[in-house]
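*Asks:* I'd like to ask some things about the structure below.
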Amino acid sequence: MDTARKFPRYVIIAICFLLCAVLSPAQATFQKHTYQTGLKPTSVVSEDFNQDGRKDFAIAVFDEGQVLIHYGNADATFGAGMPVNVCGFPQKIVSGDFNHDGLPDLATINFPRSEPTADCAIANQPTITVIYGRAGGPTTASFSVAIESPAIDLAVGDIDGNGFTDLAALMPDKTIKVIRFFSTTAHTQNTFTVSAPGPRAESFALGDFNGDGKADLVVGICCSDSNEAPPADFIYVMPGKGDGTFGAATATFTGDARELIRADINNDGKADFLAALQTCAGTDCNFSVKAFRNNGNNTFTALGVWAFEADNPYTFPRNLVVGDFTGDGRDDVALLATDQVFETGADYLFVVPQRSDGTFSARAKTLLGYDLGAKSLAWTKIAGTSSLADLVEGEQITNQFKALINTTDKTGGDNCYALESVTVNICKPVSGSSNPSLVRLQATASVFNRVYRFEVWEGSTKLFTARDTNLIDTNISLPAGTHTLTFSARNIDSTSKASKSVTFTGGAGTACSPPATNGIVVCSPLDGSTVSNPVSLKAYAKVSPAVYRFELWIDGVKQVTSRDSGTINSIINLPAGTHRFDFVAYNSTNTSRFTKTTRATVK
């Protein structure tokens, strides 16, 4: 078992990170919407499975032995998963049109069951399951085949050049199982072994990497042995012959490629590939992500996307996804990574923009949450959202997935991320700025062992409290004049604290105040109004004897909860169109409950 470096708590790269942030182009931001799915989701893909013009999600859920398809709705939400049983316990899922009927199909590699079932006659053997698409969405698995040992990776491509998408499964012993499709029902199988130094395979990808119109293989092989020549930690390229077989493996790049994906990163029509690499010396391991740009002459140029080295606070880059997330016409790289330095168990989404010269810029990060087990990520386009590329992310510990709606400001971005030291990063208001009556507060904090309370004070008056999060993003009304606000964060036992102040000018406060009697007053959005993103959410509630929960439901989905407080003061990005806002307040026994509904149009 590989042992990752236990990084120290200090970070020596903070200054570099800050400088990179200043120089970065538009930085991707996402709005998170969480849904339950089956037990232990391991992999996710996105296609329009029911052919209604909207993207859906297919999630392989290991403990259920199923693929769950969550169909997309027109209002940017997703329904409960529709199950399709597979032959075993699915570990990875891919999509492709295997029977060439114009509908998206699915395939999974599966860990074996100990006994046969009604849906799977194969027992005690790992399998590949193929699920053919249907006009209304797939309902049952089409066929399964046994493979020699549990597969670790699955790839799609036209291996024999007949126009049908084929499947290839990689085993750790460097064996590759190929399923070649010939018609709407016919397929054949063959197996071969990668002839390359090193005891095991880690990952692979299919693509026409040498430009001859035939599918080639890139394979990650490890692990180094001083008696081997060349060293075994290499990415090998195997040219396709166009008949379902491949030529000799050629060692092309050094590194233990834990993940490989095909992509046209610079949109020049040539197949490139990306790799998540690990380099270890003893028990210490460094990680990196690199893009390998195809030069068109059987050579590649390696481009650094991100180096996870030395005191870098994040590790285990995984689930590489390519897409234009910043809206500048160039593909960027999205990935998942885990926090090590702050010992929070935090999972982050990172997006690394591509510059106009083909190199990569400073990363922008989104905190997904704590102790999630974020293990899968896929590109998608969620109905009812902006034209930008969205993402879906699956979580093995919480058994949830997040639809990540892209809210990037293409004119320069607005990503307020936590810095790599114990500190507070105040993004809004800007020091010395003049602000309207409703002042946006946007800040992040970093402390050890997670942020327990993140508060905003003016003098001895506390204006806002965020609980169990390192982010404050809300609007607050202030009287006209000069204000100095202090943002203070601490962990649960106050052994790690951080604070920072900002001075600015605020406008006149809005004419909206708490109700004198039990009920709810909604200040924003007003009923029948037209508003712009980000939408200001402000309301007051009074409930006897005291407010226990004050919630805001938007289009039937709970978006904001204020605990033990009669104030909602927040902002949110919403798709264009008319939305329903239900403000609900109640006491601890639910014997006194009030609801106020407004409707507003987001332009």
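The values are calculated or read from the model by the stated rules, or taken from the named source; none is laboratory data. Model, not experiment: these values are computed from the prediction. Using ideal geometry, Cβ is built from the backbone for each residue, glycine included, and neighbour counts are taken over all protein chains shown. Note: accessible area is taken over every heavy atom of the protein model, side chains too, but ligands, DNA and RNA are not part of it. Shrake-Rupley method; radii C 1.70, N 1.55, O 1.52, S 1.80 Å.
*Asks:* Need one word for the range 534-597: rounded, prolate or oblate. Basis is the Cα gyration tensor (sqrt eigenvalues a ≥ b ≥ c); a/c below 1.5 gives rounded, then a/b vs b/c decides.
*Replies:* Note, shape of the range 534-597 comes out prolate.
*Asks:* Share of the range 98-225's accessible area from carbon and sulfur, percent, 1.4 Å?
*Replies:* Reported share for carbon and sulfur atoms: 51 percent.
*Asks:* Here's a follow-up. Among the listed pairs LYS462/LYS558; LYS92/LYS177; LYS40/LYS402; LYS375/LYS428; LYS55/LYS538; LYS402/LYS603, which have their C-alpha atoms separated by more than 23 angstrom in this model?
*Replies:* Among LYS462/LYS558; LYS92/LYS177; LYS40/LYS402; LYS375/LYS428; LYS55/LYS538; LYS402/LYS603, the Cα-Cα distance tops 23 Å for LYS462/LYS558; LYS375/LYS428; LYS55/LYS538; LYS402/LYS603.
*Asks:* When a/c is below 1.5 the answer is rounded, else prolate if a/b is larger than b/c, else oblate, so apply that to the range 421-571 with a ≥ b ≥ c taken from the square roots of the Cα gyration tensor eigenvalues.
*Replies:* Verdict is oblate for the range 421-571.
*Asks:* Skipping prolines and chain starts, which residues have an amide H placed within reach, meaning under 5 Å, of the one on CYS416, given they are 5 or more residues away or on another chain?
*Replies:* none
*Asks:* Please list, ordered by chain and number, the residues whose modelled amide H lies under 5 Å from the amide H of VAL560; skip anything fewer than 5 residues away on the same chain.
*Replies:* LEU552
*Asks:* Here's a follow-up. Convert each backbone phi in the range 169-174 into a coupling constant with the Karplus relation 6.51 cos²θ - 1.76 cosθ + 1.60 (shift: θ = phi - 60°), then list the ³J(HN,Hα) values in order as whole Hz, x for Gly and Pro.
*Replies:* 10, 9, 9, x, 7, 6
*Asks:* To continue, here is another question. What net charge is computed for the residues neighbouring PHE504, neighbours being all others with C-beta under 15 Å from the C-beta of PHE504, Lys and Arg scored +1, Asp and Glu -1?
*Replies:* Charge balance in the 15 Å sphere: +2.
*Asks:* Same structure, new question: Whenever you get a sec, compute what percent of the accessible area on the range 537-603 sits on carbon and sulfur atoms (1.4 Å probe). Intermediate results must be reported in sequence, preceding the final value.
*Replies:* Values: 1400 of 3140 Å².
Using a 1.4 Å probe with all protein chains present, the range 537-603 comes out at 45 percent carbon and sulfur.
*Asks:* Quote the charge dipole size of the range 374-458 about the Cα centre in Debye, to the nearest 20; the model charges only the Cβ of Lys and Arg (+1) and of Asp and Glu (-1).
*Replies:* Magnitude of the dipole: close to 100 debye.
*Asks:* To the nearest 10 degrees, how steep is helix 14-23 against the longest Cα principal axis of the chain, on a 0 to 90 scale?
*Replies:* Helix 14-23 and the main axis of the chain meet at about 90 degrees.
*Asks:* Taking only C-alpha pairs under 8 Å that are 6+ residues apart, what is the relative contact order of the range 418-466 in percent?
*Replies:* So the answer I get is 32 percent.
*Asks:* Excluding THR597 itself, what net charge comes from residues whose Cβ is under 9 Å from its Cβ, given Lys and Arg +1 and Asp and Glu -1?
*Replies:* My count for the surroundings of THR597 gives +1.
*Asks:* For ILE397 and ASP564, compute 0.36 nm times the residue count separating them, minus their Cα-Cα distance, and round to one decimal in nm.
*Replies:* Once the chain is fully extended between ILE397 and ASP564, it gains 57.3 nm.
*Asks:* While we're here: For ALA374, what charge total do you get from the other residues with a beta carbon under 14 Å from its beta carbon, if Lys and Arg give +1 and Asp and Glu give -1?
*Replies:* +1
*Asks:* Rolling a 1.4 angstrom probe over the protein heavy atoms, how many square angstrom per residue are accessible across the chain?
*Replies:* With the other protein chains kept in place, the chain gives 40 Å² per residue.
*Asks:* Using +1 on the beta carbon of Lys and Arg, -1 on that of Asp and Glu, and nothing else charged, what's the dipole of the chain about the Cα centre, debye to 20?
*Replies:* The dipole magnitude comes to about 2300 debye.
*Asks:* Express in whole angstrom the spacing between the alpha-carbon centres of the range 234-261 and the range 64-117.
*Replies:* The range 234-261 and the range 64-117 have Cα centres spaced 28 Å from each other.
*Asks:* Follow-up. If you roll a 1.4 angstrom probe over the protein chains with everything in place, what fraction of the accessible area of the range 240-368 belongs to carbon and sulfur, to the nearest %?
*Replies:* 44 percent
*Asks:* Using 18 Å as the cut-off for backbone N distance, which residues of the range 88-131 belong to the label zone defined by a point 7 Å from the Cα of PHE182 along Cα→Cβ?
*Replies:* 98-101
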